[in-house]
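Just so you know, all these numbers are worked out from the coordinates, no wet-lab data involved. Owing to the predicted nature of the structure, the values given are computational and were not obtained by experimental measurement. Virtual Cβ from ideal backbone geometry, glycine too; neighbours counted across all protein chains shown.
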């Protein structure tokens, strides 16, 4: 299988240098992190998710047979018994903080404190700098913000919780409070393409059936179609839609 590894993971490999990956914890696993994990020379790994569906997707995405000590665990970090007493040489927190609101609302400030006893070496955090509710004058930034606000409004309308992203300075403060020292980091400019438009607005389409009012449902569908058309027009002019950035932070226990 030809795996496409993201620039963020390649940067983590650069930061890790000649260190051993050793025992590896993927604290909030997903398809992309599992595929990357398959390329690393680890001694053993544990991948955690609160979603049984994601656990199955992650298992299917891993292109190798699992070793005896490799495992995917379905659990919520709010549970103090989850991985109690276990430690890991390397810990990945891949877009994990932003996703917490869907599984443990208002708990983000305790996440690093909860993970601290499990980290003996390096921890790597990836995240996206928030673009909602910022309103930009630039047409590309304004469009990305419009899609994000519509997506979040749609999720709230049908009783679901949107993700909540946090800026890099918030992340650094939270790490320090939890007993970590942020040692290195970098920002990566984002260029959005068709996949972003299809995934974000597709998420909204998939939930239209949950809207009971027929006129409201029709209006929401019309807005989805308008945003899709606007996105296609921007891609025709710019090839991709540049706005915002992802970031990586490497941290070590104090």
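Helix-only estimate, please: 222 nm mean residue ellipticity of the chain, summing -39500 (n - 2.57) across DSSP H runs of length 4 or more and dividing by its residues, to the nearest 500.
-12500 deg cm²/dmol
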Self-check item: Rh (Kirkwood; distinct C-alpha pairs) - segment 141-208, Å
Solution: 14.5 Å
Practice problem: Report the calculated FRET efficiency for residue 239 and residue 38 (r = Cβ-Cβ distance, R0 = 35 Å), to the nearest 0.05. | Solution: 0.65
Quiz item: How many times 2.2 N^0.38 Å is the alpha carbon radius of gyration of segment 51-200?
Solution: 1.18
Self-check item: Kirkwood Rh (inverse of mean 1/r, distinct Cα pairs), segment 116-168, angstrom
Solution: 13.3 Å
Exercise. Obtain the radius of gyration and the Kirkwood radius of the chain from its C-alpha atoms and give Rg over Rh.
Key: 0.98
Self-check item: Order of 126, 120 under a 10 Å beta carbon neighbour criterion, fewest first
Solution: 120, 126
Self-check item: Between helix 214-238 and the chain: long-axis angle, C-alpha atoms, 0 to 90°, nearest 10
Solution: 70 degrees
Quiz item: What angle do you read, to the nearest 10 degrees and between 0 and 90, between the alpha-carbon axis of helix 52-61 and the longest principal axis of the chain?
Solution: 70 degrees
Quiz item: To the nearest 0.05, what FRET efficiency results for residue 18 and residue 188 with a Förster distance of 22 Å applied to their C-beta separation?
Solution: 0.40
Exercise. Would you mind checking the radius of gyration and Dmax of segment 2-123 based on alpha-carbon positions, in Å?
Key: 13.7, 39
Practice problem: State the Kirkwood hydrodynamic radius of segment 157-252 in Å, one decimal place, computed from all pairs of distinct Cα atoms. | Solution: 16.4 Å
Self-check item: Virtual spin-label span in nm between residue 208 and residue 86, 7 Å along Cα→Cβ
Solution: 4.2 nm
Quiz prompt | Length-normalised contact order of the chain in % [C-alpha pairs under 8 Å, at least 6 apart] | solution = 20 percent
Exercise. Starting from the Cα of residue 181, step 7 Å toward the Cβ, then list every residue of segment 17-45 with an amide N under 12 Å from that point.
Key: none
Quiz item: Within segment 129-160, what residues put their amide N at less than 14 Å from the label point 7 Å along the Cα-to-Cβ vector of residue 226?
Solution: 143, 146-147, 150-151
Exercise. Beta carbons within 10 angstrom, averaged per residue: use that to sort the peptides 104-113, 233-242, highest first.
Key: 104-113, 233-242
Self-check item: Considering only segment 7-253, percent of DSSP beta bridges that pair antiparallel, nearest 5
Solution: 50 percent
Self-check item: Cα long-axis angle, helix 7-16 against the chain (0 to 90 degrees, to the nearest 10)
Solution: 20 degrees
